1. If we scan segment 137-148, do we find a residue that is surrounded by fewer than 22 Cβ atoms within 10 Å (Cβ to Cβ), within 15 Å of the chain's Cα centre (by Cα), away from the ligand (no atom under 16 Å from the Cβ) and closer than 29 Å to Glu101 by Cα?
2. Write out, first by first residue and then by second, each pair whose Cβ atoms fall under 9 Å of each other, whose residues are 6+ apart or on separate chains, and whose first residue, in segment 101-122, is without any contact (Cβ under 8 Å) to a residue 60 or more places away in the chain while the second is crowded, with 17+ Cβ neighbours inside 10 Å and among the acidic types (Asp, Glu).
3. Give the number of residues within segment 92-117 that are surrounded by 17 or more Cβ atoms within 10 Å (Cβ to Cβ) and either under 13 Å from the mean Cα position of the chain (by Cα) or not in a loop (DSSP other than H, G, I, E, B) (or both).
4. So Ser125 fits all but one of (1) under 27 Å from Ser182 (Cα atoms); (2) not in a strand (DSSP E or B); what number is the exception?
5. Out of all the residues in segment 168-183, is one or more in contact (Cβ under 8 Å) with a residue 40 or more places away in the chain and within 22 Å of Asp84 (Cβ to Cβ)?
6. Residue pairs, Cβ under 7 Å, 6 or more apart or interchain, first in segment 51-67 and over 13 Å from Met99 (Cβ atoms) and surrounded by 12 or more Cβ atoms within 10 Å (Cβ to Cβ), second modelled with pLDDT of 95 or more and of a type in the set (Val, Ile, Thr). List them.
7. If you take the residues of segment 149-165 that are more than 16 Å from the ligand (Cβ to nearest atom) and in a strand (DSSP E or B), which of them is surrounded by the fewest Cβ atoms within 10 Å (Cβ to Cβ)?
8. For a quick check of your reading: which helices (runs of 4 or more DSSP H) sit entirely within segment 13-88 and have at least 2 residues that are within 30 Å of Asn157 (Cβ to Cβ)?
Amino acid sequence: MDCSIDMISEENEGYVKVDRYNDDTTQQLISSYNDILKNIPGEDPEREGLVKTPERVAKAMQFLTQGYQQDPVGILKSAMFKEDYRQMVIVKDIEIFSMCEHHMLPFFGKAHVAYIPNGHITGLSKIARVVDAYARRLQVQERLTTQIKECIQDTLNPLGVAVVIEAQHMCMAMRGVQKQHSATTTSDFSGAFEKQATRDEFIQLIQSRLR
Ligand SMILES: [Zn+2]
């Protein structure tokens, strides 16, 4: 990482929202987005509505990619407790907003995450924050799914982890095939969830309220 964005603070549970922006990064992005506007045929970057657009987009882009400055392992460890509970813990309907790395257009939907503790549990809100930390980067849905699973598996060392993500991709809806309502589902499982029965139980539980 080449810049020291002053949004990271150790005391803050490894998770901080961007509310300040790195000045150098902002300036460079402003100049880049200015060029982009100039290069859109038929557009006039000087017109009133666009004058401040490069700056707004420069800040929005830093917000949407703040996950690179977050530490998902630190987030989980900040609320990790010894506990004997060994049943499935499910956090479902976690909203995700991410950006596809191929077109830099949003994809968004829901993530459902489960794990079976093996001596340690974590705060439920931390699971959602881990999802956010990986989602707020340039992503593909498949990798996002696997990164969440591996982070939880490697940090909590549970008996198993399951992650299912259902998302709509604007790059599909707005361009190309224009399948406006198609959703993409990805899943990844480890440990106990590799057993069909456990996986079925999880799928049934996340579907019970969904449909
Ligand atoms: Zn795409």
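1. Within segment 137-148, one or more residues are surrounded by fewer than 22 Cβ atoms within 10 Å (Cβ to Cβ), within 15 Å of the chain's Cα centre (by Cα), away from the ligand (no atom under 16 Å from the Cβ) and closer than 29 Å to Glu101 by Cα.
2. Close Cβ pairs satisfying both conditions: Lys110/Glu166; Ala111/Glu166.
3. 16
4. (1)
5. Within segment 168-183, none of the residues are in contact (Cβ under 8 Å) with a residue 40 or more places away in the chain and within 22 Å of Asp84 (Cβ to Cβ).
6. Here the result reads Pro54/Ile30; Glu55/Ile30; Ala58/Thr26; Ala58/Ile30; Lys59/Thr26, each pair linking segment 51-67 to a residue that is modelled with pLDDT of 95 or more and of a type in the set (Val, Ile, Thr).
7. Here the residue is Val164.
8. Numbers: elements: 23-38, 53-64, 72-77.
Passing ranges, in order: 72-77.
The values are calculated or read from the model by the stated rules, or taken from the named source; none is laboratory data. It should be emphasised that the depicted structure is a prediction, and the values quoted were computed from it without experimental measurement. Positions of Cβ are backbone-derived with ideal geometry, glycine not excepted, and every protein chain shown enters the neighbour counts.
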